[in-house]
Amino acid sequence: MSIPELQSNNEIKSDRMGGVGVEVDHHHHHVAEENCSSKLSNQGEGLRQYYSLHIHDFQLLLQHKTHNLNRLQAQRNDLNSKVRMLREELHLLQEPGSYVGEVVKVMGKNKVLVKVHPEGKYVVDIDKNIDITKIIPSTRVALRNDSYVLHLILPSKVDPLVNLMKVEKVPDSTYDIIGGLDQQIKEIKEVIELPIKHPELFESLGIAQPKGVLLYGPPGTGKTLLARAVAHHTDCTFIRVSGSELVQKYIGEGSRMVRELFVMAREHAPSIIFMDEIDSIGSARMESGSGNGDSEVQRTMLELLNQLDGFEASNKIKVLMATNRIDILDQALLRPGRIDRKIEFPNPNAESRQDILKIHSRRMNLMRGIDLKKIAEKMNGASGAELKVCFSLICIACLVFLEALFKFVIVEAFAKFP
């Protein structure tokens, strides 16, 4: 091979090697760029996670601080209200004492007649902050010491024992569960239910409404049941008190309870006061100096007479009294104007006893062939309560008999078991 050809071959090889070197350099440069971009991408993702974590922490901290702020604001408002109440109490304590009186009559838009014990009665002005529509007779009020201005309506002061006499729920007794007392139901509707539901009838006729009704008769004849039924049908507050509860140990306590009893009846009108065993305080008064120790009982009865005279029947307050000893009651209690109707509750006759037996056997699964009429005829002289107890005893006897029969059958079965 000649020298020129060798030179030409060397140049070709040199050119090829140079091309390969350029390609290798270009590849290394591309790889370096990819590594750099990968590192930058990893660094960006790390920074993003770092800041996201811190942002989440700051959001939780913000929520916690906001919750604390709301809690502190609520505590501040509570403390501010307590401070205002304490300031008002302090202001009231720093004021001179007020007179306590009882409203007798509303005289106009801004005048009332108030009775202050023991000074007397005064016509006083009403403070501008007092709602006169809330002032009714017998309302306890406070009068300023210097000007006798009525500035506060006080809550009624009722003895806890008297408050317990009020039945919270309307009695669930109805006329349908009362048997053999059709005439008595008719009369009590006339003197109690009709005036409460339709007082305009009495106003149009110009006659006074009845105040009190006396229910008398042997025990267990339905006096209390009928009183509860009339309270149910008139939707009245039912206040039940036994006469023996008004007989107190200390002087003046019984009469005070009677006063508070009628105050509570006025506040919860329309209301019915049912006084059971009225003969315990309403018996005929003895001569003075008899030494029987009945002076406190007589004082309680006099207060009852005073209260019966002191309220208007149009105030939707009715008084029901019950006794089984009408013969010993004081005539002053029985006079018209206090007791306007006397309703007798005798022991039921045969027909009434049959009606009572039907009512008490409504929910019983009686076998066919039982003649309630014959049972009623055989129970001559029994009261309604005794008839009810008779059915209860029969049911208990049946249960005892069935239990004994069941035990006997089990014993016989085990005895025959081989």
Residue pairs meeting the criteria (Cβ under 7 Å; at least 6 apart or on separate chains; first within 14 Å of GLY252 (Cβ to Cβ) and outside the structural domain of PRO137 (by TED's automatic domain parsing), in segment 283-307; second at pLDDT 75 or above and of a type in the set (Lys, Arg)) = GLU303/ARG259
Would you mind finding the one in THR221, THR237 that is in contact with a His (Cβ under 7 Å, 6 or more places away or on another chain), in contact (Cβ under 8 Å) with a residue 40 or more places away in the chain and crowded, with 18+ Cβ neighbours inside 10 Å?
-> THR237
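Would you check which residues across segment 371-402 are farther than 28 Å from PHE345 by Cβ and at pLDDT 70 or above and list them? Outline the logic, then answer.
So the first thing to find is which residues in segment 371-402 are farther than 28 Å from PHE345 by Cβ, and the list is 397-402.
Scanning segment 371-402 gives ALA397, CYS398, LEU399, VAL400.
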Taking segment 71-106 on its own, how many of its residues are closer than 30 Å to ILE136 by Cα and not in a strand (DSSP E or B)?
-> 12
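Residue by residue, here is whether (1) hydrophobic (A, V, I, L, M, F, W, C); (2) at pLDDT 85 or above; (3) under 30 Å from GLU203 (Cα atoms) holds:
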position	(1), (2), (3)
MET264	yes, no, yes
GLY282	no, no, no
ASP294	no, no, no
LEU304	yes, yes, yes
GLY310	no, no, yes
LYS318	no, yes, yes
Taking SER283 as the residue in question, decide whether it is under 28 Å from the mean Cα position of the chain (by Cα), hydroxyl-bearing (Ser, Thr, Tyr) and surrounded by 17 or more Cβ atoms within 10 Å (Cβ to Cβ).
-> no
Residues located in segment 130-145, provided they are in a loop (DSSP other than H, G, I, E, B), touching a residue at least 40 places away in the same chain (Cβ under 8 Å), over 14 Å from LEU113 (Cβ atoms) and not charged (D, E, K, R) = ASN145
Every residue from segment 308-329 that is over 30 Å from VAL104 (Cα atoms) and in contact (Cβ under 8 Å) with a residue 12 or more places away in the chain | ALA322, THR323, ASN324, ARG325, ILE326, ILE328, LEU329
Verdict on ASP78 being touching a strand residue (DSSP E or B) at 6+ places or on another chain (Cβ under 6 Å), acidic (Asp, Glu) and either surrounded by 10 or more Cβ atoms within 10 Å (Cβ to Cβ) or at pLDDT below 85 (or both) = no
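Surrounded by fewer than 20 Cβ atoms within 10 Å (Cβ to Cβ) and either aliphatic (A, V, I, L, M) or not assigned by TED's automatic domain parsing to the domain that holds GLU303 (or both), is that true of ALA231?
Working: surrounded by fewer than 20 Cβ atoms within 10 Å (Cβ to Cβ): no; either aliphatic (A, V, I, L, M) or not assigned by TED's automatic domain parsing to the domain that holds GLU303 (or both): yes.
Considered against the rule, which asks whether it is surrounded by fewer than 20 Cβ atoms within 10 Å (Cβ to Cβ) and either aliphatic (A, V, I, L, M) or not assigned by TED's automatic domain parsing to the domain that holds GLU303 (or both), ALA231 comes out as no.
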Kindly establish whether GLU253 is out of contact with any strand residue (DSSP E or B) (no Cβ under 9 Å at 6 or more places or on another chain), modelled with pLDDT under 85 and either under 17 Å from PHE311 (Cβ atoms) or crowded, with 21+ Cβ neighbours inside 10 Å (or both).
-> no
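Let's see how each residue does on (1) within 26 Å of the chain's Cα centre (by Cα); (2) under 30 Å from LEU225 (Cβ atoms); (3) assigned to a loop (DSSP other than H, G, I, E, B); (4) at pLDDT below 80:
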site	(1), (2), (3), (4)
LYS121	no, no, no, no
LYS128	no, no, yes, no
SER147	no, no, yes, no
LEU161	yes, yes, no, yes
GLY179	no, yes, yes, no
GLU187	no, yes, no, no
ILE196	yes, yes, no, no
Please enumerate the residues belonging to segment 336-354 that are among the charged types (D, E, K, R) and touching a helix residue (DSSP H, G or I) at 6+ places or on another chain (Cβ under 7 Å).
-> ARG338, ASP340, ARG341, ARG353
For segment 107-125, the count of residues that are exposed (fewer than 13 other Cβ atoms within 10 Å of the Cβ) and more than 15 Å from ILE136 (Cα to Cα) equals 4
Flag if ILE410 is at pLDDT 75 or above and either β-branched (Val, Ile, Thr) or in the same structural domain as SER173 (by TED's automatic domain parsing) (or both) = no
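The values are calculated or read from the model by the stated rules, or taken from the named source; none is laboratory data. Since the model is a prediction, treat every value here as computed from it, not as a measurement. Quick reminder, even Gly has a Cβ in these numbers, built from the backbone with ideal geometry, and neighbours come from all protein chains shown.
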